[in-house]
Each structure stands twice: as C-alpha cells, then as structure tokens.
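Colleague: Here it is: the structure, laid out below.
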Amino acid sequence: MTFSREELVPVLTIDGPGGAGKGTISRLVAEQLGWHYLDSGALYRLTALAARRASIELDDANAVAALAAVLDIRFGTGTDDSVWFQGEEVSGFIRTEQAGADASIVAALPPVRDALLQRQRDFRQPPGLVADGRDMGTVVFPQAVVKIFLTASAEERADRRYKQLIAKGIDVKIGDLLADIRARDARDSQRAVAPLRPADDAISVDTTQLSISQVLDIVINKVREST
Ligand code: DC
C-alpha cells in the first residue's frame, strides 16, 4: 500500500461536548508537541456569522453551504487564538453564547458539513495536527493515531463557563447557562449527520474532577505511547 505525504502526518482528535475543555487542552497539547491546531467549531461559528451578516436564514441549507464553501478566514498561529473573517478580527463575535447556538444550528445542515470537510482536512500538515470538535475522530479524521473524547458533567461545564464570563465582567445566570448547554448537547448529539459521539476507538476522559494539567498529562502520554 502506498501513502500520500498527507496520510503520514499524525493526527490527534479531541472531540466532546461544548465546555468540556477541548479548546484549552487542544491548544496546550499542540503547543507542547509543536503541532498545528484545528478549531473546527470556529469554522461553524464563522459560517453562522457570515450567514447573519448576509441576512441569510440559518436553516437555509444551500445558501449557508454556499457561504461556507468560500469563507475568507485566517487563524492566528501558536498561542495567538485570534480569528479573522474577510480581513476583520472577529474573535469576540464568534465566542459569544449566541454565536455558539447559531453554530450548532448551521452545523446540523448536511450541505454545510460537506462544504467544510476538505477545508478541515487541509489542516493536516507536518509535523502533526491536533483537531478539536465533535466529529474529528468519527468523520473528518477517522485514521487519527489517537482519539480522545473529553467530557464533563453539564453542571461542571456550566460552572466553568460562569466563572469565565464573570471574570470578564459579563453578568449571567448559571441556570441560563446550564439550560443552554443542555439544549446544545441535545442538538449536537441528536442530529442525523455526524452527531456528537465517541469514535469506537476513542479514549474517554471525564474531566469533571481533573485539573487542566492532569488532563494534559493524560493526553500527552497517550500520544507519546502511540507515535
Ligand atoms: O466547539 P464549539 O463550541 O466552538 O462548536 C460550536 C458548534 O459547532 C457546536 O455546538 C456544534 C458545532 N460543531 C460541529 O458540529 N462539529 C464540529 N466538528 C465542531 C463544532
């Protein structure tokens, strides 16, 4: 069997529900390993932002997919987590609760997922890739060398988000955050296409009682054992 150059590049997938710490862990792992990082959720958030700005209904599958296919985006590299859309820095816009809920709506549309598939695979560049999302291990990179499924209880995720927002001076009710998290979990796991679920060969890590550095150690050790 022959492999293309791209197929030789190792991929670590980190999937799981919103707020389980995927973004934080994925960035830190990518930094430690010196690998690239794909924030696939940002692509869905940007697609929803583009649709809102173009006054397209979020459930208009073909129109939203047409936008997704030509998204003009740029990501910061390394520790720079800024995101640019058509030359404008939009990191703040896409990180709101509303943008997350919008993303979850457009992400349920099969043509949108198709339009973003190759773009996500293009992130697989030497020396390796850490891919963060919902379907990285099941659909986008089924050949990944290590697949992690990161979870935490809905209450713990709401609590973490609450602390982040309060620290930023944003006043929210924890009950509202918990309700949003449950609604998004339900939509992401019950959709027909690429629903949120662990790949059969994924390692599940429940972070409810773990610190960031404990999770980081678990993930890095798995990668070192497998590469
Ligand atoms: O990871 P996130 O919170 O930035 O993702 C926002 C939404 O995008 C999430 O609710 C579901 C969707 N998403 C997806 O369907 N598939 C992915 N690989 C990543 C995100």
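Colleague: I'd like the Kirkwood hydrodynamic radius of the range 125-227, using the inverse of the mean 1/r over distinct C-alpha pairs, in Å.
Modeller: Details: mean 1/r = 0.0645 Å⁻¹.
That comes to 15.5 Å for the range 125-227.
Colleague: Taking Cα atoms of the range 73-144, Rg/Rh with Kirkwood Rh, to two decimals? List each step's numbers first, then the result.
Modeller: Values: Rg = 13.4 Å, Rh = 13.9 Å.
That ratio equals 0.97.
Colleague: Using Cβ counts within 10 Å as a stand-in for footprinting exposure, how do LEU196, LEU28, LEU216 rank, fewest first?
Modeller: With the fewest neighbours first, LEU196, LEU28, LEU216 line up as LEU216, LEU28, LEU196.
Colleague: Hey, another quick one. Over the range 1-136, what is the relative contact order in percent, taking alpha-carbon pairs closer than 8 angstrom and at least six residues apart? Walk me through the numbers before you get to the answer.
Modeller: Details: 195 pairs, mean separation 61.6, N = 136.
Relative contact order of the range 1-136: 45 percent.
Colleague: Starting with the fewest neighbours, write out SER82, SER211 ranked by other beta-carbon atoms found within 10 Å of each beta-carbon.
Modeller: Details: SER82 12, SER211 9.
Result, fewest neighbours first: SER211, SER82.
Colleague: Still on this structure: Return the ratio Rg/(2.2 N^0.38 Å) for the range 121-160, where Rg is computed over Cα atoms only. Let's see the in-between values first.
Modeller: Values: Rg = 13.1 Å, N = 40, 2.2 N^0.38 = 8.9 Å.
Output field value: 1.46.
Colleague: Further question on the same structure: Just want to confirm a number: the relative contact order over the range 1-74, from Cα pairs under 8 angstrom separated by 6+ residues, in percent. Intermediate results must be reported in sequence, preceding the final value.
Modeller: Details: 27 pairs, mean separation 12.2, N = 74.
Computed value for the range 1-74: 17 percent relative contact order.
Colleague: Also, quick follow-up: Using a 10 Å cut-off on Cβ atoms, rank the peptides 17-25, 111-119 from the highest mean neighbour count down. Kindly include the intermediate steps, with their values, before the conclusion.
Modeller: On the way: 17-25: 21.7, 111-119: 17.7.
Per-residue mean Cβ counts within 10 Å order the peptides as 17-25, 111-119.
Colleague: With both partners inside the chain, how many of the DSSP beta bridges are antiparallel, as a percent to the nearest 5? Spell out each step's value before the answer.
Modeller: Numbers: 5 of 22 bridges.
Given both bridge residues lie in the chain, the antiparallel proportion sits at roughly 25 percent.
Colleague: While we're looking at this one, here's another question. Using the Kirkwood formula over every pair of different C-alpha atoms, what hydrodynamic radius in Å results for the range 151-192?
Modeller: On the way: mean 1/r = 0.0925 Å⁻¹.
Computed over Cα pairs of the range 151-192, the Kirkwood hydrodynamic radius comes out at 10.8 Å.
Colleague: What FRET efficiency do you get for GLN190 and ARG119 if R0 is 25 Å and r is their Cβ-Cβ distance, rounded to the nearest 0.05?
Modeller: On the way: r = 25 Å, r/R0 = 1.01.
The pair GLN190/ARG119 has a calculated efficiency of 0.50.
Colleague: Can you compute the charge dipole magnitude of the range 124-227 about its Cα centre, using +1 on each Lys and Arg Cβ and -1 on each Asp and Glu Cβ, nothing else charged? Give it in debye, rounded to the nearest 20.
Modeller: Details: 16 positive and 15 negative charges, 53 e Å.
Using only the charged Cβ atoms, the result is roughly 260 debye.
Colleague: Once you have the Cα-Cα distance between THR77 and LYS173, take 0.36 nm times their residue separation minus that, and quote the gain in nm to one decimal. If you can, show how the numbers build up before the last one.
Modeller: On the way: separation 96, 0.36 × 96 = 34.56 nm, distance 3.35 nm.
Computed gain between THR77 and LYS173 is 31.2 nm.
Colleague: Under a Cβ-Cβ cut-off of 10 Å, what is the net charge of the residues other than ALA42 that fall near it, where Lys and Arg count +1 and Asp and Glu count -1? Numbers along the way, then the final one.
Modeller: Working: positive: ARG45, ARG95; negative: ASP39, ASP81, ASP132.
Local charge sum for ALA42: -1.
Colleague: Can you give me the Cα centroid spacing of the range 198-223 and the range 139-163 in angstrom?
Modeller: Using only Cα atoms to place each centre, the spacing works out to 9 Å.
Colleague: Arranged by the count of other C-beta atoms within 10 angstrom, fewest first, what order do SER204, SER153, SER26 take? Before the final figure, lay out the partial values.
Modeller: Values: SER204 11, SER153 14, SER26 25.
Placing the least packed residue first, the sequence is SER204, SER153, SER26.
Colleague: With the Cα gyration tensor of the range 178-225 giving a ≥ b ≥ c as the square roots of its eigenvalues, does the rule (a/c under 1.5 for rounded; else a/b larger than b/c for prolate; else oblate) give rounded, prolate or oblate?
Modeller: Working: a/c = 4.11, a/b = 1.57, b/c = 2.62.
In terms of gyration-tensor shape, oblate.
Colleague: Run the numbers on the chain and let me know its relative contact order in percent, using alpha-carbon pairs under 8 Å that are six or more apart.
Modeller: After rounding, I find 32 percent.
Colleague: Moving to a separate point now. What whole number of Å gives the distance from the Cα centroid of the range 116-135 to the Cα centroid of the range 70-98?
Modeller: 17 Å
Colleague: Using only the alpha carbons of the range 1-159, determine the length spanned along each of the three principal axes and report them from longest to shortest in whole angstroms.
Modeller: Taking the Cα atoms of the range 1-159, the three principal extents are 45, 41, 28 Å.
Colleague: Find how much the distance from THR96 to LEU165 grows on full extension, using 0.36 nm per residue of separation minus their present alpha carbon separation; answer in nm with one decimal. Kindly include the intermediate steps, with their values, before the conclusion.
Modeller: Working: separation 69, 0.36 × 69 = 24.84 nm, distance 0.99 nm.
Stretched fully, the THR96-LEU165 segment lengthens by 23.8 nm.
No lab work stands behind these numbers, since they all come straight from the coordinates. The shown structure was predicted, so the numbers you read here are calculated from the model rather than taken from an experiment. We place every Cβ from the backbone using ideal geometry, glycine too, and count neighbours over all the protein chains shown.
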